[in-house]
Amino acid sequence: RGNQFVGRGFVHVVDKVIAPSTIVDFVTSDSQFSTLAQAVTCPSLQGAILEVLTAPDAEFTLFAPTNAAFDDLAAALGVSSVCDIPAETLATVLSYHVKPASLAASTLARGFELRTLADGLTLQSELDGTQVKIIGNASTATVIAPNLQANNGVIHGIDTVLLP
């Protein structure tokens, strides 16, 4: 009874439930976010951001900078690796990319102030033409890969590392 044709598609019968990946699983397995995966696992952070993003019963929106975005940041800072960024600075920057609660790009497009996990720091969202922008204190990013759904939230790939 494997594949069943229904309407214009197929239904595939499987022998177990296939759960979506967590935000951490998604980021660590998607090659466009490999530098972000490296950043959240830097030894100097001692797994702090990983603990937050894997907390049971919590949902997040992660604004995930692409590898190119981190390359631009590393060049601007004159470092060869994200793990060369001082731990306190890196922890703040990474926390600045995480909002408690899951928000779709269509919601962000309506324009909101977004409280982040970085102490007292917020982001703004807005629609600029047809592109959703995330505005930080010292930078602005465009959402280039919206609504990557994980089982504990949503990931929006962005083209710039947001700086507080």
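The values are calculated or read from the model by the stated rules, or taken from the named source; none is laboratory data. Here the structure is a predicted model, which is why all the values come from computation and not from measurement. Positions of Cβ are generated from backbone atoms using ideal geometry, with glycine treated the same way; all protein chains shown enter the neighbour counts. Accessible surface is based on the protein model in full, side chains and every heavy atom, while ligands, DNA and RNA are left aside. Shrake-Rupley method; radii C 1.70, N 1.55, O 1.52, S 1.80 Å.
Summary of computed values
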item: Qualifying positions in region 1-30 - of a type in the set (Ser, Thr, Tyr) and either touching a Gly at 6+ places or on another chain (Cβ under 9 Å) or not in a loop (DSSP other than H, G, I, E, B) (or both); result: Thr22, Thr28, Ser29
item: Qualifying residue in region 142-152 (condition: open to solvent by less than 10 Å² (accessible area, probe 1.4 Å), assigned to a strand (DSSP E or B) and in contact with a strand residue (DSSP E or B) (Cβ under 6 Å, 6 or more places away or on another chain)); result: no
item: Helices (runs of 4 or more DSSP H) completely within region 31-92 that count 2 or more residues being in contact (Cβ under 8 Å) with a residue 60 or more places away in the chain and surrounded by 17 or more Cβ atoms within 10 Å (Cβ to Cβ); result: 48-53, 67-77
item: For Ala109: the one exception among (1) hydrophobic (A, V, I, L, M, F, W, C); (2) surrounded by 14 or more Cβ atoms within 10 Å (Cβ to Cβ); (3) in contact (Cβ under 8 Å) with a residue 24 or more places away in the chain; result: (3)
item: Selection within region 115-132 - surrounded by 20 or more Cβ atoms within 10 Å (Cβ to Cβ) and assigned to a strand (DSSP E or B); result: Leu123, Ser125, Val132
item: Residue within region 14-26 that is open to solvent by 80 Å² or more (accessible area, probe 1.4 Å) and modelled with pLDDT of 85 or more present; result: no
